[in-house]
Amino acid sequence: MAIGESSLRLLRNLKLGREEHCQRLLTMLILNGPYPHWNSRNAPSPKGRDFLLALDGLCFGTEEWTTLPSFVEEFDRPGATTGRQVRHRTTRCYGTTGSG
């Protein structure tokens, strides 16, 4: 499913800051579809996969992946314990679903 006018209208109506607006728009472009549910694994579109591979190549010299990537826009990592307080961290990532 491609990004539709309703998805873009929803982005405008959410009153997000610049960073989150760009984050959501980039995610929708990588997936070529609506913004996914939090912490869900999604396959990038062919153009999204090419973009991520090119980015991986620029950063790490990767020329190809041994398995197809699974894109996770945002997930919650276990928190670091500091005394009685637990700090939770949110991370955006993409990666392969198997060893590679």
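The numbers here are math on the coordinates, done by the rules we state, and not lab data. Note that the structure is a prediction, hence the values are computed from the model and not measured. All Cβ positions, glycine included, derive from the backbone under ideal geometry; neighbour counts span all protein chains shown.
Taking label positions 7 Å along the Cα-Cβ direction at both Lys47 and Arg12, the computed distance is 2.0 nm, reported to one decimal.
Across segment 20-26, computed HN-Hα scalar couplings (Karplus, 6.51 cos²θ - 1.76 cosθ + 1.60, θ = phi - 60°) run 5, 4, 5, 4, 5, 5, 4 Hz from first to last residue, x flagging Gly and Pro. In order along segment 53-69, the Karplus-derived 3J(HN,Hα) couplings, from 6.51 cos²θ - 1.76 cosθ + 1.60 at θ = phi - 60°, round to 5, 5, 5, 4, x, 5, 7, 10, x, 5, 9, 7, 9, 7, 9, 6, x Hz, and Gly and Pro are given as x. Taking amide H positions as modeled 1.01 Å from N, with prolines and chain starts lacking one, the residues under 5 Å from Ser70 and 5 or more places away or on another chain are Gly95, Thr96, Thr97.
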